[in-house]
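Read the figures in this text as sums done on the coordinates, not as results from a lab. Remember, it's a predicted structure, so these values are computed and weren't measured experimentally. Cβ placement follows ideal geometry from the backbone for every residue including glycine, while neighbour counts extend to all protein chains displayed.
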Amino acid sequence: MNKVVNDFSITVGTKNGSGSSTANNTILRAIFKMGIPVSGKNLFPSNIQGLPTWYSIRASKDGYLGRRDELDIVIAINPDSFTRDLASVAPGGAFFYADDIKLPITRADIAIYPMPIKELVKKDPNIPADYRDLVGNMIYVGALARMIGIDIEKIQAALTFHFKGKQKPIDMNFHAVQAGMEWAKANLEKKDPFYLEPMNKTDGMIMADGNTAAAIGSVFGGAQFVAWYPITPASSLAEAINDYMPMLRKREDGKHTYAVVQAEDELAAIGMTVGAGWSGLRSMTSTSGPGLSLMTEFAGLAYYAEVPVVIWDVQRIGPSTGLPTRTSQADLSFTVGMGHGDSDSIVLLPGDAFECFEFGWQAFDIAERMQAPVFVLSDLDMGMNQWMSKPFEYPKTPMDRGKILWEKDLEELKGNWGRYLDKDSDGIPYRTLPGNKHPMSAYFTRGTGHDEYAKYTEDSSVFIRNMQRLKKKYETAKKYLPKPVLHAAKGATVGIIAYGSTESAILEARDQLTRDHGMKIDILRVRAFPFTAEVDEFVREHEQVYVVEMNRDGQLHQLLSLANPEAATRLISVAYGDGLPASAKWIREGILAKSAGEKKSTAKKPSLKKSNKKGAK
């Protein structure tokens, strides 16, 4: 049996609401503290409690953090999913289970480890009777730690972090961990190949989820007004803002310098946000697909009246209610074309927790510079799961408030300004804010037809002129948007374009394709729409470009084809949307299948030269 070190997955099958979150996060953080690259993904149902839930942890010495399809170690605590969990273990894997589950085990190709969880918890005098079900989860943490080599000191450090130094819950849970370890030491014989050994590949890194990162970035970016309505998977973003604002945005006299409002619905939330943005506040809201649908009308008002707001969409599976606790990248087309009539959108596409933080503050700068709504598209996997990340850094650049005219500015202009007048030929007008005391500062904000001076008009030529200016503004926006990230491979003629949380799985898939099939592939991760010049250049420079994304219809592929019609036949969609986070397996197999299809299609086509010769005869 070959030893497998720091390169396997651990999946825990429990019930939703059973208190397993603390145990699973303890395993995750302890492995991280051992210096081993690790990621954790929670697959949970959309009810409050009772239904099966799974938490998958991946340890990877090579730093691959995407979802792993193979389940190497499975821990089964839920009788309702026991049979499924047993069947899911990869051959040669390990199966830990609570021994009070009296169901048959017929597999001989895996290591089997029963654990007397209820018996051990009942015997432990440090665990009160009403906490046994919750703390019992720590028994499997201890048994697993003993069998694969998780450092006990790192487990204690993880518990200390989780309980914020509160000694009573730390001690109670740690006793259960020790009980599990001691029992496993005395009763379980190692029969699987999986081991953890300390590394130093997490030095200087932190663990964070994208929603919390976005919240901190927004606070650091000067967010003053936040309106929201609860919706999975975006709720924790606004909740995190509510946690951090009192700590970070309070004056010396104790007064707050912000407002966070839970609105009655998403329509009200964005309505308040647009009003706050018009008044000069840095304002934002957060939602997911169904909420975004309700926000469309006010988003159109902000576009046409040119009001800066930030809208976070943490994507989930649709349409309608869809699968509310599954991840997706299927809101891109809707967001890009959001609003009836001719309209444009600025969309930021973070790829990890660190960029959620960065785009948290950058989105405000771009919104105020462009005087427009800025949408930030995250997803459930990025937003709610724990990711390794670089530490967050306070913005080093001053806030960009854009083209604001104050009293002194208006005096120098001697009134020669119009709210929608393009004085700089970049499509971006100047604006004033409420409270400006100059008599020429006032204007009437309109979602109806208006001229350069904000006066109502239905003149067709004026309308066309205004719409052309708006189009120019979105061309100007490209120079303020985040540039794409390139992962180059020497001599590559094939490319992959993607966005968001798929990057780690794509990098792993590329390495496998290079190793096993000799494919040399460049990867470009798009970080914004409208596409910048670098995206068009990447498409032109490659013979084939696979567009990888988590949705059914290949929405990014469609947008790239519209932007590069001359290269549409070289753009190949590799789209898959089952609600699970991207894995290297489906990306690799998708590219190989499309590659084989392209070769077969090309082979069937007669060459142009042969056709011409035949015709000449």
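Worth pointing out:
- For the range 485-604, the residue among Asn551, Ala492, Leu524 whose Cα projects farthest onto the positive side of the dipole built from Cβ charges is Ala492.
- Its DSSP H runs of at least 4 residues, each contributing -39,500 (n - 2.57), put the calculated 222 nm mean residue ellipticity of the chain at -12000 deg cm²/dmol, to the nearest 500.
- Estimated FRET transfer efficiency when R0 is 30 angstrom, pair Ile112-Leu51 (beta carbons, to 0.05): 0.70
- Unit charges on C-beta of K, R, D, E only; dipole of the range 245-398, Debye: 460 debye
- Of Lys154/Lys185; Lys154/Lys396; Lys396/Lys471; Lys437/Lys471; Lys41/Lys201, those spanning more than 23 Å from alpha-carbon to alpha-carbon: Lys154/Lys396; Lys396/Lys471; Lys437/Lys471
- Selection from Tyr97, Tyr303, Ala372 lying farthest towards where the dipole of the chain points positive, charges on Cβ: Tyr97
- Model label zone, Arg249; criterion: amide N under 19 Å from point 7 Å along Cα-to-beta-carbon; scope the range 323-367: 356-367
- Backbone N within the range 469-512 under 20 Å of label point (7 Å from Glu589 Cα along the Cβ vector): 502-512
- Inter-label distance, Met205 to Asp553: 3.7 nm, where each label sits 7 Å from its Cα along the C-beta direction.
- The chain - charge dipole about Cα centre, Lys and Arg +1 at Cβ, Asp and Glu -1, debye rounded to 20: 1540 debye
- Projecting the Cα atoms of Gly402, Ser389, Tyr443 onto the dipole axis of the range 381-480, where Lys and Arg carry +1 and Asp and Glu carry -1 at the beta carbon, places Ser389 farthest toward the positive end.
- In terms of its alpha-carbon gyration tensor, the range 1-112 comes out oblate; a/c meets the 1.5 threshold, while b/c is at least as large as a/b.
- Assigned charges on the beta-carbon of Lys, Arg, Asp, Glu; the range 321-463 dipole about Cα centre (debye): 440 debye
- Taking the number of Cβ atoms within 10 Å of each Cβ as an exposure proxy, the fewest-first ranking of Leu103, Leu144, Leu433, Leu43 is Leu103, Leu433, Leu43, Leu144.
- Given (i) 66, 29, 21; (ii) 50, 29, 22; (iii) 48, 34, 19, the label whose value is semi-axes √(5λ) of the Cα gyration tensor in Å derived from this model: (iii)
- Extended-chain gain in nm, criterion 0.36 nm per residue less alpha-carbon gap, Arg84 and Glu458: 128.2 nm
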